1. Counting Lys +1, Arg +1, Asp -1, Glu -1, what net charge surrounds A:TRP332 among other residues with beta carbon under 14 Å of its beta carbon?
2. Could you work out how far helix B:58-71 tilts from the main Cα principal axis of chain B, as a 0 to 90 degree angle to the nearest 10?
3. Could I get the Rg over Rh figure for the range A:103-186? Both from C-alpha atoms, Rh via Kirkwood, rounded to two places.
4. Starting from the 7 Å offset along Cα-to-Cβ, what nm value, one decimal, do you get for the label separation of B:THR288 and B:TYR102?
5. Any chance you could run the full-extension gain for A:ALA305 through A:ARG242? It's 0.36 nm times the residue separation minus the Cα-Cα distance, nm to one decimal.
6. Can you give me the Cα centroid spacing of the range B:160-235 and the range B:31-52 in angstrom?
7. Can you tell me the Rg and the Dmax, both Å, for the Cα atoms in the range A:229-278?
8. Kindly flag which residue pairs out of A:LYS311/A:LYS413; A:LYS136/B:LYS104; A:LYS263/B:LYS98 have an alpha-carbon separation exceeding 18 Å in this structure.
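Derivation of every value follows stated rules applied to the coordinates shown; laboratory data play no part. Small disclaimer: the values here were computed from a predicted structure and weren't measured. Positions of Cβ are backbone-derived with ideal geometry, glycine not excepted, and every protein chain shown enters the neighbour counts.
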Amino acid sequence: MAGGASRWANDKEDEVLEAQRKKEKEEKKRAKLEKQRKLEEAEARRKQAAEPESTQGLQNEVERPVKRRRLSNERDDGDVPDQPRRLMRFVAPEWGPCRHVDNFERLNHIEEGSYGWVSRARETATGEVVALKKLKMDNLNDGFPVTALREIQTLKESRHRHVVDLREVVVGDTLDEFSSVFLVMEFLEHDLKTLQEDMAEPFLPSEIKTLLIQLSSAVEFLHDHWILHRDLKTSNILMNNRGELKLADFGMARYFGDPSPPKMTQLVVTLWYRAPELLLGTTTYGKPVDMWSVGCIFGELLTKAPLLQGKNEVDELAKIFELCGIPTEDSWPGFKRLPNAKSLRLPRTPQTQGSIIRSKFPFLTGAGAALLTSLLSLNPERRPSAAEMLAHPYFKEDPRPKATAMFPTFPSKAGQEKRRRVASPSAPQRGQAPKIDAGEVDFSGIFAGRDLEESGAGFQLKLV
Amino acid sequence: MAPTPNQNSQLVNPLATTAQLSSSGSQLDGVPADLEDSVRFAGASLTQAAGMLLRLPQEIIAQAVVLFTRFWVGPEGGSLIEYGTEIVSASSLYLIAKLSPYPKSPRQILAAYAYLSSLPTSLLTSSLFSSKTPENPDAYYLSEGTYLTQRAALMKTESHILRVLGFNTHVALPYTLCINYLQTLDVFQHPQASALAKRAFAHLNTALLSPQLLYLTHQPPALATAAIYLAAREVGVQLPDNEWWEVFDTDREELGFLVVGLLSMESFVKGEEERWGEGKGRGKVPMTVEAVEAEVERRRILEGGG
Ligand SMILES: Nc1ncnc2c1ncn2[C@@H]1O[C@H](COP(=O)(O)OP(=O)(O)OP(=O)(O)O)[C@@H](O)[C@H]1O
Ligand SMILES: [Mg+2]
């Protein structure tokens, strides 16, 4: 069609003009920045040469503005601004626009998770290898997803030896507003989940201590900074070939207060690592949910297999009660008032209520079992804080934590090919909070088969 | 209740670099610096007014104002020839509220802005700070078509803000510090204590609108210290006669600079009101791309003719 063609031609022409205009502007900017840089260098040299100025009395300054700072609002184009230049200026972080993802070449796919995909990539200019995580942009109804914003904000703020370093955020094509946002992170060779799957034997006790110390120091840092991770699990814990552990995946993280903000979603933490209070539907929770997950990770490191592999929420609770015992008003005051607790029927006989953690891990020392038991306290109040955990005698007794430099190295899957993933539940999706209300859930028979279970026969959970 | 943020994030903001302070996207597009100051001031006041209308806590509003201000700074910042001030203000508020415990829906935000832009003046400082209870903003009528168009613009601008700021959405504020410092200075016994705290907070609020971009060039401890210093002189509370400000990481030079900056706000605001106030001078501050272009053109013709 002629009309279509000419319109196309016009569009094309407009596009060319627009591109031209953009290019001119870019060049102006570049020239400007270059000029600025030179001026700054000159000023820095001048500053270095100059003696420190004597400070006048403050009263004087108030009455009579210091000469080298203007108060008028107009700034001459290209002039050196009359802003104070002080050491702080070099220390303070800066901001600038996101760079384009084209500055990186994708090397290989590492992993696809529920919130995005991760690649190993190389920055073209520097040759440096990084990890690129593409954020999933679903639920665009409310604009930029708040979960993605929180992931960026919390990770940006968490500068710590044992938290993965977020270098910058880069974007894809600007035409499509939300299409593509990527986190550029330091690359680590392993995650603990994949690594364990390929190991013939579990980590040694001395290695487990080192891993746990690093993990809990990261969690301590987050909690001190009012951040809950809310998705601690082995696949979100990275490790490099120097035995250094770094916490990753802040896709569920958020700030919290004390007391906790009301109405937080209980739909957090991957099922196998989810604390009982979450499963019972609490909406006011805090640091102990992360500490529960740390306990699950501890158990997993000991046996090389996830500790509490429930098939669904009900089954997860059953597995928890089976391992840790049945909660009572004594051990966990008020748990019966939690939303999902009403539909539970629990056994009344007290002798069936104890924890079997000690007997399940016969090779663990007394101190180790005590730590694991306290981390897996049903009552969140009874779980130790990350700081308390770090001070635990378990880490002081023999065998001592192994120096990270002495860790064995492992072949990296992330470094070469796409990983195969052994099935495990993924991080919870946003949406309906789970309710345990399949009628009544009967846990009263939970320990009927304990003897069998301990000899390896498993047991059935009764659903009434 | 509000979380008590960690020490670092409470004390440290990203600051504008010298290069960012020396030029801006708007100036590269030919917008005169004084016009830019006027529009940015009107936009910051608009953000403040909209936040109050939406009953957001001042800490949330202040973060939005800082975000709004950061957006326009530097050669790579947003240009008034490309982005409308109103929509950038609305998106900043929407974005910050979304991250806070008080999220607002796009409809609530847009209704508030529709109401405010229907007012005869674009300098909302005096009218709204004097706390006339405004009408219910939710009730302000927005046709469905307008709503959908503006909603799309709100989202689009939100993502542009994030890109231009490199996702630096974190803003540290001086309010809590200010209270802590007053406690440390042990002034709460003083009969004028509450007047002092009020006055200091008022200075911190006004500084948000400063054409000197005080929140982009100075860290929260220095802002809090200067506000206290000035407020104490104004309400006549005697502070220690040693160099107490050094305890709060502020040296004499920076304190002097900030106090002068705070003091200059009064005459700056007066000047803006002379030029753009209701029934005065030229009418409303240009707050859309078209209005800014028209104003730039008008000035060019005036200058060319004269
Ligand atoms: N910085 C990194 N270096 C190396 N590998 C990484 C890095 N970050 C993530 N990975 C790998 O990618 C996987 C998924 O990353 P991440 O957990 O951040 O994404 P996700 O989509 O949120 O995951 P999920 O929803 O499954 O928890 C990790 O388990 C890890 O194997
Ligand atoms: Mg993950």
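1. On the way: positive: A:LYS336, A:ARG337, A:ARG382, A:ARG383; negative: A:GLU277, A:GLU329, A:ASP330, A:GLU381.
The answer is 0.
2. Helix B:58-71 and the main axis of chain B meet at about 60 degrees.
3. Values: Rg = 13.0 Å, Rh = 13.5 Å.
Taking Rh as the inverse mean 1/r over Cα pairs, Rg/Rh reads 0.96.
4. Rounded to a tenth, the inter-label distance reads 2.9 nm.
5. On the way: separation 63, 0.36 × 63 = 22.68 nm, distance 2.32 nm.
This chain segment gains 20.4 nm when fully extended.
6. A separation of 20 Å, based on Cα centres.
7. Spelled out, the Cα radius of gyration and Dmax of the range A:229-278 are 13.2, 42 Å.
8. Details: A:LYS311/A:LYS413 28 Å; A:LYS136/B:LYS104 23 Å; A:LYS263/B:LYS98 15 Å.
In this structure, A:LYS311/A:LYS413; A:LYS136/B:LYS104 exceed 18 Å between Cα atoms.
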